[in-house]
Structure formats: C-alpha cells, structure tokens
1. Just want to confirm a number: the relative contact order over the chain, from Cα pairs under 8 angstrom separated by 6+ residues, in percent.
2. Kindly write out, for region 124-131 in residue order, the coupling ³J(HN,Hα) from the Karplus curve 6.51 cos²θ - 1.76 cosθ + 1.60 (θ = phi - 60°), rounded to whole Hz, with x marking Gly and Pro.
3. With runs of 4+ DSSP H residues as the only contributors, calculate the mean residue ellipticity of the chain at 222 nm using -39,500 (n - 2.57) per run, divided by the residue total and rounded to the nearest 500.
4. Ignoring ligands, DNA and RNA, how do H72, H139, H57 rank by accessible area with a 1.4 Å probe, largest first?
5. Just the number, please: carbon plus sulfur as a percent of the accessible area of the chain, 1.4 Å probe, no ligands or DNA/RNA counted.
6. Cut-off 10 angstrom, C-alpha nodes, Gaussian network model of the chain. Which of T133, T241, T202 fluctuates the most?
7. Per the Kirkwood definition applied to all pairs of different Cα atoms, how many angstroms is the hydrodynamic radius of the chain?
8. According to a simple spin-label model (label point 7 Å from Cα along Cα-to-Cβ), what is the distance in nm between L191 and R152?
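The values are calculated or read from the model by the stated rules, or taken from the named source; none is laboratory data. Just so you know, these numbers come straight off a predicted model, no measurement behind them. In this analysis, Cβ positions are derived from the backbone assuming ideal geometry, glycine residues included, and neighbour counts consider all displayed protein chains. Accessible surface is based on the protein model in full, side chains and every heavy atom, while ligands, DNA and RNA are left aside. Shrake-Rupley method; radii C 1.70, N 1.55, O 1.52, S 1.80 Å.
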Amino acid sequence: MRRVLLLGGIDPSGGAGLTVDATVVAMHHAEALPIALATTEQSLAGFRRCHAVAPEHWCRALHAVLADGPVHAVKVGLIPDAAILRTVARELAALPASTPIVIDPVLSATAGGLLATPELPAAYLEHLVPKATLFTPNHPELLAVCGGEATRALQAGAKAVLVKGGHAEGATCDDVLHRGKDRIEFRRERLPVGRVRGTGCTLAAAIAARLAHGASLGDACRFAGDWLAQLLRVLGPAASTDAPPRLLPFGRVPPAIGRS
Ligand code: PLP
C-alpha cells in the first residue's frame, strides 16, 4: 500500500481539510496518514476560528507514523500560523529528498471567514515553497504569496507550480503547470457549479496520491484535474448564483482506478 502523509486542519463540517484529503487518498487506492496541525470551528455558514494543535503533540504523532515505515508522498493543507509553518518546513526537511511534497496554501475559505494571519503568505514563500515538489496556489493565493508570479515560487526553490484557474472568469477553467521553462496548460470547461467547498484540498490530495503511485507530475496533475471535473459534473449546476456553498459528492463517483 502506498502511504500519503497529510498535514492540515480538521473541518468538522466535512467540506474540506483532512477528512476530505483522507477520503480522496482512499479513493485513489492509497493509505492516508492524517496529522492535525489545527482544529477549526466552521459550518456551511462560514469559518469561525482556527485552534492550533501544539507542535509537541503533532510532531510526536508524525514521528510515530514515520517510525511505521516510509511515506510515498506528502500533502500540506491548512497551517494555523507562521510559527507552525516553520516547524512543518523543518519536519519536511528530514524526509528523504525523493519524497514528493505537494503544498496547497490555504489563506481563505470558500464559505467566508478564514483570513490568514498577515505574516503567513511571506512565511510560505520563505520556508515552505522551497520544500515543494509542487506548489498549488489559485490566483488570489499566487498574488498573496508570490506577487502573482509563478516564477517567483520557482526561484524560491519549488520544483513546479500548478496555478489553478478556478477563481478566474471565462468559458474555460485553465490550470497551468510551470516547471523550469516548461508550461503545460490543462484546459477544461468551466462548470456552473457555484461555490463548492474543498476543491483545492481534493485536487492537491488526488495529485499527492497519484505521485505516491509513481505518476509523473504532468500525468498526476492531468488525472487529478479530470477526476475533480468528474466530481463537479456529478454535483451539477448551482440552484442560483448566491446559493450556499456545497460539498463534493464523493459518495456518488466510483474510486479513481484509472492509470495515470
Ligand atoms: N478548513 C480546513 C481545515 C481546510 O483545510 C480548508 C482548506 O483547505 C478550508 C477550511 C477551506 O476550504 P474551502 O475554501 O474549500 O471551503
């Protein structure tokens, strides 16, 4: 069994975070190892508060899991503050250099209410982006962390950057993978699904699972993006433009058994 380490936050409303990550990893036939860096208070009405888990506690959990055996990929989601971000970076540095690490920055919540502390974007760029096999910002996150320039993340040491087009406008949703001077565009139809929770977590967790199975970065991004689009098609159009955010229909799609 391929093992995927998940570092992030617990969302008790089930729309995002470690619960979704673990579901996605299981649907991609890998074993999820979730380590909570934070618990959160939130519902479909919005994000209320984030409570950091003491590093001495989650680091012990992490070391216990690593003592069980190797991990084949890592996905990092919500990080409650810059001090914990630096601890995460230190812990990741201790993993074998070949371990794929997907860093999904979380600075705001689809349901509203989660605003990262002011020092978090700069801390991402300085400490965590350099550890990334793949950094996966949407446009607002790219702006906050890298001034809107994917090349800044590459200069900071990320091996690759997937800039997600979900927050842009237009008939297509274009995700762009930047690696060195290469640029691969994944163009998909923009679906009228309205606000959907957990899409960023889902994409990054699916990519991490594909990488754990040995897929190339390009194939993992393509496969995971196509799989997320399938989930969104099953969800169907939003009732109205101001409809409340919805959850992804994991129970209504088959596991992702395809080869990437
Ligand atoms: N809560 C947790 C624990 C998360 O990890 C995230 C995103 O990663 C969110 C909330 C926000 O998710 P969304 O914007 O998809 O609602």
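1. Here the relative contact order equals 19 percent.
2. Those phi angles translate into 4, 4, 6, 10, 9, 4, x, 8 Hz.
3. Mean residue ellipticity, 222 nm, calculated: -10500 deg cm²/dmol.
4. Largest accessible area first, the list is H57, H139, H72.
5. Using a 1.4 Å probe with all protein chains present, the chain comes out at 55 percent carbon and sulfur.
6. T241
7. Over the chain, the inverse of the mean reciprocal pair distance is 18.1 Å.
8. Rounded to a tenth, the inter-label distance reads 3.2 nm.
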